[in-house]
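The values are calculated or read from the model by the stated rules, or taken from the named source; none is laboratory data. These numbers were taken from a predicted model, which means no experiment stands behind them. Cβ atoms come from the backbone with ideal geometry, glycine included; neighbour counts cover every protein chain shown. These accessible areas exclude ligands, DNA and RNA; they are computed on the full protein's heavy atoms, side chains included. Shrake-Rupley method; radii C 1.70, N 1.55, O 1.52, S 1.80 Å.
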Amino acid sequence: MNKEKYYITTAIPYCSAKPHIGNVYEVILADAIARYKRQKGYDVFFLTGTDEHGLKIENAAKEAGLTPQEYTDNICEVLKNIWNMVGASYDKFIRTTDDYHEKAVADIFEKLLLQGDIYKGKYEGWYCIPDESFYTDMQIVDGKCPDCGRPVVRSNEEAYFFKLSKYADRLIRYLDENQDFIQPISRKNEMLNNFIKPGLQDLCVSRTSFTWGVKVPSDPKHVVYVWIDALTNYITALGYNTKNPTELYKKYWPCDLHVIGKDIVRFHTIYWPIILMALEEPLPKTVYGHGWLNSGGDKMSKSKGNVMFADELIKKFGVDGVRYYCLAEMPFSSDGIITSENIIAKYNADLANNLGNLVSRTISMNKKYFDKIIPEAEKVEAEQDIKLKIAFTQTIEIYSEKMDSYRISEAIESIFVALSCANKYIDECSPWILAKDKSRRSRLGTVIYNSLESIRIAAVLLMPFIPESSKKILNLINTKESSLEFGKLKSGELTKENEILFSRIDNLIKM
Ligand code: ME8
């Protein structure tokens with residue numbers, strides 16, 4: 001049977017410094033979705049990579065006394081290590097300095113030039129060198145860049161422009177006809193009202209202020225604007241070229257989900273669709289602009305000294321501790337907060353007390369009362385058994401609906417509701433009392449079986465978020481069964497020796 005395909009990408013971070021936990025959150029988020037889709041039987045292609053050209057990187061390399069290529073080679077290695085450390089299960093890693101990518105970008109530029117979507121003009125206005133952005137007289141604020149507040153310089157030079165306005169009506173129609181294209185919907189309204197409806201200016205798509213980038217083949221003193229270079233990674237990674245796209249491209253494009261941060265929604269929902277329209281290629285199905293993970297209440301920045309790094313957090317909380325916090329804490333449409341105190345609180349409450357405790361007490365009781373042999377459940381169900389099963393059925397429904405609409409933290413929350421019910425089930429059924437009465441042996445078996453089955457289903461549901469721990473749980477109950485149907489755990493098998501999955505963390509750990 002042919003599996004349905006699912007193509008998912010992250011933004012490609014600038015290769016200018018070690019990625020912080022905010023950048024890493026994005027790859028964890030995309031990874032959780034990719035794992036979920038694989039579990040559902042999709043043929044998933046998960047792409048990530050690095051954005052390596054541009055003035056900022058050229059300057060960072062100069063400061064480090066390295067060539068830009070040496071510099072990006074180093075940072076890319078650091079980034080890949082972190083991606084691997086958090087368990088990112090990507091299928092391909094693209095670097096914008098990869099030769100096939102550079103070649104395809106040059107071809108795309110020439111094609112658009114030849115067909116008249118890109119034209120050579122003159123730029124007269126203001127240029128912010130650090131941001132590599134142009135502004136009109138109306139846009140600058142007190143002679144400074146409206147984005148970063150740094151001084152701008154007068155610019156009057158030849159440059160290439162993309163006729164965005166030609167495609168504006170088509171873009172508006174596409175947004176109207178595809179309500180799911182921009183998620184969350186609030187970001188769609190922002191794009192329409194602030195950028196598209198007021199009128200799209202032609203976009204300057206070449207630079208002469210630096211050389212570290214893809215040169216325009218027919219006019220090599222110009223370098224292709226970094227965003228054209230960066231956005232096209234999503235198709236060049238699959239082997240797109242203007243003449244003869246590969247089978248991989250034909251199979252996976254259009255993209256099902258671009259996972260990106262809120263600050264670059266404009267590039268992905270205006271410039272990117274328009275580039276694709278000009279190339280006569282289909283548009284991505286959904287662009288999800290997630291919120292930012294802020295350090296305390298503040299944006300993470302080197303100057304504030306509040307930048308947090310995934311590798312340091314993993315040393316303290318383990319990979320699943322970090323993945324869990326990021327995914328469970330980030331709301332669907334607004335920003336999230338990360339502090340070490342919050343991680344500890346969430347870790348202790350959910351992972352140690354709720355999940356860890358349920359697993360540990362269930363495995364221990366199965367050893368104590370049944371010598372590790374998974375008991376059978378009686379056919380007749382008590383009221384408590386029915387309540388427990390209803391809780392899991394409801395959780396599975398909510399979970400699927402939330403996962404399919406990318407509301408990850410809400411999906412996770414629904415699992416923990418079921419886990420709390422399972423802990424309550426054990427308390428109410430009190431196996432330690434049943435164990436004292438020989439005539440209740442069969443009831444005791446039912447309670448233990450249902451508890452083991454609860455942790456099995458929870459582990460299957462948690463697999464996309466905390467894969468290492470979920471695998472450990474399934475291993476403890478000696479099963480690979482991934483069905484979400486209650487009652488699929490095989491009786492008669494042996495559970496393993498107990499293992500502490502998440503021990504409580506004292507608040508003494510300092511960041
Ligand atoms: O924008 N929390 O790269 P980048 C969550 N190269 N996400 C955050 C974040 C935070 N605190 N800070 C940044 C670029 N991000 C371009 C992308 S794609 C064709 C080119 C997200 O290194 C940010 O929103 O500045 C973006 O999605 C990603 O990290 C890389 O950011």
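Just to be sure before I move on: is E26 touching a Lys or Arg at 6+ places or on another chain (Cβ under 8 Å), near the ligand (Cβ under 10 Å from one of its atoms) and modelled with pLDDT of 95 or more in the structure I sent? Talk me through it step by step, then tell me what you get.
On the way: touching a Lys or Arg at 6+ places or on another chain (Cβ under 8 Å): no; near the ligand (Cβ under 10 Å from one of its atoms): yes; modelled with pLDDT of 95 or more: yes.
Judged against the criteria, E26 is not a match.
Counting only helices (runs of 4 or more DSSP H) that sit completely within the stretch 410-506, those holding 3 or more residues that are open to solvent by less than 60 Å² (accessible area, probe 1.4 Å) and in contact with a helix residue (DSSP H, G or I) (Cβ under 9 Å, 6 or more places away or on another chain) correspond to 441-462, 467-476.
F210 passes every criterion in (1) within 16 Å of the ligand (Cβ to nearest atom); (2) at pLDDT 95 or above apart from (2).
Every condition in (1) in a loop (DSSP other than H, G, I, E, B); (2) within 18 Å of A458 (Cα to Cα) is met by P331 except one, and the failing one is (2).
Might you let me know whether the stretch 382-401 holds any residue that is open to solvent by 20 Å² or more (accessible area, probe 1.4 Å) and not in a helix (DSSP H, G or I)?
Applying the first criterion (open to solvent by 20 Å² or more (accessible area, probe 1.4 Å)) to the stretch 382-401 yields 382-384, 386-387, 389-390, 393-394, 396-398, 400-401.
Subsequent filtering for residues that are not in a helix (DSSP H, G or I) retains 382.
Checking the stretch 382-401: at least one residue is open to solvent by 20 Å² or more (accessible area, probe 1.4 Å) and not in a helix (DSSP H, G or I).
Residue count for the stretch 29-51 under the criterion of being within 14 Å of the ligand (Cβ to nearest atom) and of a type in the set (V, I, T): the result is 2. Would you tally the residues in the stretch 270-303 being in a helix (DSSP H, G or I) and within 9 Å of the ligand (Cβ to nearest atom)? Summing the residues that are in a helix (DSSP H, G or I) and within 9 Å of the ligand (Cβ to nearest atom) in the stretch 270-303 gives 1. Counting residues in the stretch 355-373 that are open to solvent by less than 30 Å² (accessible area, probe 1.4 Å), in contact (Cβ under 8 Å) with a residue 40 or more places away in the chain, not in a helix (DSSP H, G or I) and not acidic (D, E) gives zero. Can you tell me which residues in the stretch 1-18 are assigned to a strand (DSSP E or B) and either surrounded by fewer than 20 Cβ atoms within 10 Å (Cβ to Cβ) or among the charged types (D, E, K, R) (or both)? The one that is assigned to a strand (DSSP E or B) and either surrounded by fewer than 20 Cβ atoms within 10 Å (Cβ to Cβ) or among the charged types (D, E, K, R) (or both): K5. Entry remark, the stretch 241-251: residues being open to solvent by less than 40 Å² (accessible area, probe 1.4 Å) and either out of contact with any Asp or Glu (no Cβ under 8 Å at 6 or more places or on another chain) or under 12 Å from E102 (Cα atoms) (or both) number 2 in total. Being within 16 Å of the ligand (Cβ to nearest atom) and either surrounded by fewer than 19 Cβ atoms within 10 Å (Cβ to Cβ) or part of a helix (DSSP H, G or I) (or both) is the requirement here; does A352 meet it? Criteria not met by A352. Of all the listed residues (Y324, Y347), the sole one being within 19 Å of the chain's Cα centre (by Cα), among the hydroxyl-bearing types (S, T, Y) and buried (at least 17 other Cβ atoms within 10 Å of the Cβ) is Y324.
If you check S218 against the conditions, is it more than 14 Å from the ligand (Cβ to nearest atom), farther than 17 Å from L283 by Cβ, open to solvent by 20 Å² or more (accessible area, probe 1.4 Å) and within 24 Å of the chain's Cα centre (by Cα)? No; evaluated as a whole, the condition is false for this residue. Scanning the stretch 258-269 for residues that are more than 8 Å from the ligand (Cβ to nearest atom) and surrounded by fewer than 22 Cβ atoms within 10 Å (Cβ to Cβ) turns up just one, R266.
What do you reckon, is I196 of a type in the set (V, I, T) and surrounded by fewer than 17 Cβ atoms within 10 Å (Cβ to Cβ)? Criteria not met by I196. Here Q69 fulfils each of the conditions (1) closer than 27 Å to C128 by Cα; (2) within 16 Å of the ligand (Cβ to nearest atom); (3) out of contact with any Lys or Arg (no Cβ under 6 Å at 6 or more places or on another chain); (4) in contact (Cβ under 8 Å) with a residue 12 or more places away in the chain apart from (2).
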